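Below is one structure; the comments refer to it alone.
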Amino acid sequence: MTSVKFEVYSGYNEFSDTIGIASCAEMVFGRNLDNKTVFPVFADNLLTTLKPGVTQADIDAMENPYAKVLAQQLFDKTYSTEYRVHQFPCRINHTLITRTFMAQGIYDACENVTGIMISKGKTMVVVEGAADESQLTLEVYGWTVPEGKTFNYVSYGLHNGVNIINHTLDWDGLAYVDYNNKNPEACGDIKVHFVNGTVNGYLSMDKTNAEMQDIVKQAKYTTIDLIGDRVHLVWETQALLKYATGKYRQHINTIDTIIAWEHRLLGMEKYNLVPKNRVLGYVNYDYYMGMGGLGISFKYDQQRRILDPTNVMKNDLDVVWGLSHEWGHLHQMTPYFNWPGLGEVSNNMNSCYNSFHMGYACNNVKNEWAEARTQFFNSDPKAGKISKMRSNGYKRASQYKFSQPMYEAYLAMADSTIKSRADDPLHSLQANEASLGPRLACFYMLHVYMESHGYADFYPDLYESLRHTETDEDKYSLVAAVQYAKHDRYKILKEKFPESTWVKDNCVNMQSTAWQNAVPYIFNFIRRASMTSGYNLMPYFEAFGWLRQVALFVDDDYGQKYYCMTQGMYDEFKADMDALVADGTLKEMPENLITEIVNQALPKFTTPTIPN
């Protein structure tokens, strides 16, 4: 037998002489052995059955304590593989999957639920079938923590064969198997056997409400997993018993329905983009509700509102709105429908859609539509007021010396007053200078109009069109992609449109950064929305303030972002849109169509029947 040993005598980190050094005093090399060779009493590599003829003496002779206990229980026929033996498919990594539909969030990092609780000590985990070059880890989450704290988390590497997990931390947690690959279709399923560890169980739709009730009552951990078609939820067992007894299936179906509606609006159903991965919702102990690094989360004292499906469907608009808003952040198409100023806006397309479809009247939307009409069509209430976005833009003018027209646009913001529509429409209220509701109004008003006029798939088709921004060679697709730092598109832009102000005036270039200017994304959106609808929608979005010739610093709580519309940009875009009308590609909006869209009634839906 040959062995190799490395001894490391010193470590060095170029960034610090004291922090971040990892040294290895000893390294051991070995090889995986066939489990049936290591443990000859077992008939399979997963250690789930004994060979015919195994005797008590054979078991007594075993040295590994975990395998010995397992063999004894199998011999005595007292061992249950329920929750202990699993078969999981390989999936694409949850951090990568949303890029396929141009979204910004991540899907469930705890996808493969085991129903096993890991406690302090050693746990034996047997693995079979893991493909080479795949990521395979055991993820342990301690969901329940003291008030004001976030969940505990630790990850352990796994490999084919026997794994001994030594959990030395002073907290219990639920176990999940993360098995992923960039090409999951090329990998087979993985089989996992938890030889020890405490069974906690989980709720899934193959069980009745009565069976789920028994599982929740017998759970050993403070929380338990619930698995639907599209959602994975983690709630406290006591809260489930108090608020969801007899309605477990309907609760899961209700939350599944909300996600299904989001997938529908986003065009993911129509274009076969619904991922196999689920989205995650879980209980937290430090904030009311939000979108975090794992999924959306409700504080423990709010479970009473979300766990009762009757409350969700009929009595609590804020729950439906909030769930849809937070998962809307996950699905937000950044930056092509999440440009500067839309961080808390475009995700509410999902909130509106889901809340109306759940049967709510949505008086909040009614009020926001009325506010939008006032600010952009009726009384012009902000005319003459100082805009901080303009004055703060003026202070940052020096950042735009790379483009003379953009630099001059920011210098012009020395006069930071909002002009009236009557006197100076191109310098009147810009959409970002309005509040959030009126910003959303123009997008959802358009949806309602299209749906009521026989084009229910308008937004699904538009979202799908936006997903092709980085591969199309339309001028405004190229400009938007270059602005988003897809600099490989700049060469195409320069070759195809050398006389464009975007090239000639250096408005985008090989140093462009994502939030330097929202205008490329707005142009791309309007052009694609127009092509989808068949109408030149430029006048519609101009009426709602998205095309003002101003330069702004946009603080939307997600970093420093900017909007800069020069006269050259505006004139060129208008000419390009007019050309599409001239050649018959688009139709002009009929007279009074904008008024018709803006003054339409809110949609009405009845509360759906969601099965229990």
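The values are calculated or read from the model by the stated rules, or taken from the named source; none is laboratory data. This one's a predicted model, so the numbers in the text were calculated from it and none came from an experiment. Don't worry about glycine lacking a Cβ; one is built from the backbone with ideal geometry, like all the others, and counts go over all protein chains shown. Keep in mind that these areas ignore ligands, DNA and RNA; they rest on the heavy atoms of the full protein, side chains included. Shrake-Rupley method; radii C 1.70, N 1.55, O 1.52, S 1.80 Å.
Remarks
- Count - residues of the range 109-127 that are within 26 Å of the chain's Cα centre (by Cα) and surrounded by 23 or more Cβ atoms within 10 Å (Cβ to Cβ): 4
- The range 204-218, residues that are outside any helix (DSSP H, G or I) and under 23 Å from E111 (Cβ atoms): S204, M205, D206, K207
- Cβ-Cβ under 9 Å pairs, at least 6 apart or on other chains, the range 490-519 side in a loop (DSSP other than H, G, I, E, B), far side modelled with pLDDT of 95 or more and of a type in the set (D, E): S500/E572
- Counting the residues of the range 349-405 that are β-branched (V, I, T) and either within 30 Å of V319 (Cα to Cα) or assigned to a helix (DSSP H, G or I) (or both) gives 2.
- Y221 falls short of the stated requirement of being in a loop (DSSP other than H, G, I, E, B) and over 26 Å from S297 (Cα atoms).
- If you go through the range 185-199 and keep only what is in a loop (DSSP other than H, G, I, E, B), among the small types (G, A, S) and surrounded by fewer than 19 Cβ atoms within 10 Å (Cβ to Cβ), you end up with just G188.
- Applying the condition of being touching a His at 6+ places or on another chain (Cβ under 8 Å) and not charged (D, E, K, R) to the range 545-598 and asking which residue is surrounded by the fewest Cβ atoms within 10 Å (Cβ to Cβ) yields Q549.
- Selection count, the range 145-170, where residues are surrounded by fewer than 18 Cβ atoms within 10 Å (Cβ to Cβ), of a type in the set (S, T, N, Q) and either within 29 Å of the chain's Cα centre (by Cα) or not in a strand (DSSP E or B) (or both): 4
- Candidates in the range 306-335 are the residues that are among the charged types (D, E, K, R) and closer than 20 Å to N350 by Cα; of these, the one that is most open to solvent (accessible area, probe 1.4 Å) is K314.
- For the range 551-559, the count of residues that are of a type outside the set (V, I, T), closer than 24 Å to E499 by Cβ and within 33 Å of the chain's Cα centre (by Cα) is nonzero.
- Within the range 240-270, the set of residues being open to solvent by less than 30 Å² (accessible area, probe 1.4 Å) and outside any helix (DSSP H, G or I) comprises A244, L266, G267, M268.
- Test: residue in the range 171-184 that is of a type in the set (F, W, Y) and part of a strand (DSSP E or B): yes
- Residues satisfying the stated conditions in the range 86-106, i.e. among the hydrophobic types (A, V, I, L, M, F, W, C) and open to solvent by less than 50 Å² (accessible area, probe 1.4 Å): F88, C90, I92, I97, F101, M102, A103, I106
- Unmet requirement for S346, which otherwise passes all of (1) open to solvent by 10 Å² or more (accessible area, probe 1.4 Å); (2) in a loop (DSSP other than H, G, I, E, B): (1)
- Remark: pairs (first residue in the range 261-284, within 24 Å of F298 (Cα to Cα); second residue of a type in the set (D, E, K, R) and open to solvent by less than 10 Å² (accessible area, probe 1.4 Å); Cβ separation under 8 Å; 6+ apart in sequence or on different chains) = N277/D108; R278/D108; V279/D108; L280/D108.
- Residue match in the range 524-536 (condition: of a type in the set (D, E, K, R) and without any contact (Cβ under 8 Å) to a residue 12 or more places away in the chain): no
- Candidates R31, R84, R91 - the one that is of a type in the set (K, R) and modelled with pLDDT of 95 or more: R84
- Filter result (surrounded by fewer than 18 Cβ atoms within 10 Å (Cβ to Cβ) and under 22 Å from D189 (Cβ atoms)) within the range 51-85: S80, T81, E82, V85
- Enumeration of residues in the range 583-603 that are in a loop (DSSP other than H, G, I, E, B) and either within 15 Å of H453 (Cα to Cα) or among the hydrophobic types (A, V, I, L, M, F, W, C) (or both): L586, M589, P590, N599, Q600, A601, L602, P603
- Residue list for the range 531-544, filter: farther than 28 Å from I386 by Cα and open to solvent by 40 Å² or more (accessible area, probe 1.4 Å): M531, Y535
- Filtered residue count, the range 55-107, keeping only those that are among the small types (G, A, S) and assigned to a helix (DSSP H, G or I): 3
- In the range 128-144, the residues that are in a loop (DSSP other than H, G, I, E, B), modelled with pLDDT under 95 and either within 26 Å of the chain's Cα centre (by Cα) or surrounded by fewer than 17 Cβ atoms within 10 Å (Cβ to Cβ) (or both): D132, E133, S134
- Among the conditions (1) of a type outside the set (V, I, T); (2) surrounded by fewer than 21 Cβ atoms within 10 Å (Cβ to Cβ); (3) part of a helix (DSSP H, G or I), L478 misses just one, which is (2).
- Residue ID - nearest to D172 (Cα to Cα), chosen from residues in the range 208-228 that are touching a strand residue (DSSP E or B) at 6+ places or on another chain (Cβ under 7 Å) and aliphatic (A, V, I, L, M): I224
- Qualifying residue in the range 432-455 (condition: under 30 Å from G384 (Cα atoms), among the basic types (K, R) and open to solvent by 10 Å² or more (accessible area, probe 1.4 Å)): yes
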